[in-house]
Amino acid sequence: MTSDNAVGSTAYYHTRRLPRPAGELMPHTAQELCDAVDELHSAGQLWRVLGDGQHARRGESSLDEKWTAIRTDELDSVVELDRKSGLVCVEAGMRWKALQAELLARGFSTQRYGLHPSTATVGGMLARRRPGPPMLRGGELLDGCVSIGAHSPTDGEYRYLVAPRKASGPDLRHRFMGAGDADGVIVDATFVVWRPVAERLLLFRNRSLAEAAQIMGELFLAEISPSCVHYSHNSGSLQIILSAPGQLLRSRIRWITEHIGAPDDTGDADKASTRRAWLEDRHPDRRSHPEAARTHVYWMAPSALDADPVELFGNGFDDLEIACWTPRRVEIFARFDESATPAAPPPGACWAHWPQLED
């Protein structure tokens, strides 16, 4: 295991707006990761596990004290790919962009998952703490996760078997998934991947938030669920990527053209893949995003989007992006003027909201 207190690593924390730790550990194996957690816990030291650091949202004020960072940069391998079942086991430090490239080289794809920051790690995406109700079929990695390997400094190893639920014992995965590193650390994860299918990019330009909401509502009523969606308020662009076997994909596009109207532009599979990569490289859910300091995140009911954004967010509202849109919940990244105090949305419109960066 590498221990690094050099000034050179300061840039990692500065970019992500995290305080500099008193110590930094870089385990090279899963066992070294577990040993580091156990040793720091036994010594009563404050520690945090960081993948890319994008999802460090919990208890930042406690990091004003001396703390040790355990970084998972070196735990970035595909452990196993079962081609028959379509299950892949990945170490927790594997980054999303690298994982997609590795799977594509082996003839598999993550295209049915939604947009995620390209630099986010598998462990970070699964462990992230976020308020609000759960959401299924929203393109989260959590939806396709069937098993994890984890370690608790108090209870030791935990592994949820890749087996039918009734045969796999107690499901304690959520001690670690969605819990940050409160109970321990995720070591690896097993989730579903697929053989690539046809894709198409649909672009609607100059659409207000209400018009974009109407388009998405009609798609969901027709049981058409895009692989990923991105909406930008200031540019008025709604970008949708559909993934399905060829004949089904063509029939869905025909339905959209007949019932919603032809999109302003379309793109083939290559353009869809390129656009997805472009959006994930610039995903708003990153501590290192240039506008993170003035961004708040809202989990809102889709029905709330009929209102003007200024009415929802107040006069200091500047822009918004939507990178996750489902029939039950929309995740909005709203940006405000630096001097603005974001207003709480009207009751019933919002399930949860929080600043992108804690003070």
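Quick notes on this one:
- Single unsatisfied condition, Val90 versus (1) assigned by TED's automatic domain parsing to the domain that holds Ala179; (2) on the phi > 0 side of the Ramachandran plot: (2)
- Looking across the stretch 212-241, just one residue is at pLDDT below 95 and within 12 Å of Ala198 (Cβ to Cβ), and that is Ser227.
- The stretch 218-252 - residue that is assigned to a strand (DSSP E or B) and closer than 20 Å to Glu311 by Cα and, of those, nearest to the chain's Cα centre (by Cα): Tyr231
- Verdict on Leu248 being of a type outside the set (Phe, Trp, Tyr) and surrounded by 18 or more Cβ atoms within 10 Å (Cβ to Cβ): no
- Counting the residues of the stretch 63-81 that are surrounded by fewer than 19 Cβ atoms within 10 Å (Cβ to Cβ) and either part of a loop (DSSP other than H, G, I, E, B) or touching a Ser or Thr at 6+ places or on another chain (Cβ under 9 Å) (or both) gives 8.
- For the stretch 5-47, taking the residues that are outside any helix (DSSP H, G or I) and farther than 16 Å from Lys66 by Cβ, the one that is modelled with the lowest pLDDT is identified as Ala6.
- The stretch 253-308, residues that are of a type in the set (S, T, N, Q) and over 18 Å from the mean Cα position of the chain (by Cα): Thr257, Thr266, Thr274, Ser303
- Matching strands (runs of 3 or more DSSP E) fully within the stretch 294-346 where at least 1 residues are over 16 Å from Leu209 (Cβ atoms) and of a type in the set (S, T, N, Q): 295-300
- Residue list for the stretch 320-339, restricted to those being more than 15 Å from the chain's Cα centre (by Cα) and touching a residue at least 40 places away in the same chain (Cβ under 8 Å): Leu320, Pro327, Arg328, Arg335, Phe336, Asp337, Glu338
- Any chance Ser273 is under 30 Å from Ser109 (Cα atoms) and either part of a helix (DSSP H, G or I) or touching a residue at least 60 places away in the same chain (Cβ under 8 Å) (or both): yes
- Scan of the stretch 310-353 for residues that are touching a strand residue (DSSP E or B) at 6+ places or on another chain (Cβ under 8 Å), aliphatic (A, V, I, L, M) and either surrounded by fewer than 21 Cβ atoms within 10 Å (Cβ to Cβ) or more than 23 Å from Val229 (Cβ to Cβ) (or both), ordered by number: Val310, Ala340, Ala344, Ala349, Ala352
- For Ile215, the test of being buried (at least 19 other Cβ atoms within 10 Å of the Cβ), part of a helix (DSSP H, G or I) and in contact (Cβ under 8 Å) with a residue 12 or more places away in the chain is passed.
The values are calculated or read from the model by the stated rules, or taken from the named source; none is laboratory data. Keep in mind the model is a prediction, meaning the values are calculated, not measured. In this analysis, Cβ positions are derived from the backbone assuming ideal geometry, glycine residues included, and neighbour counts consider all displayed protein chains.
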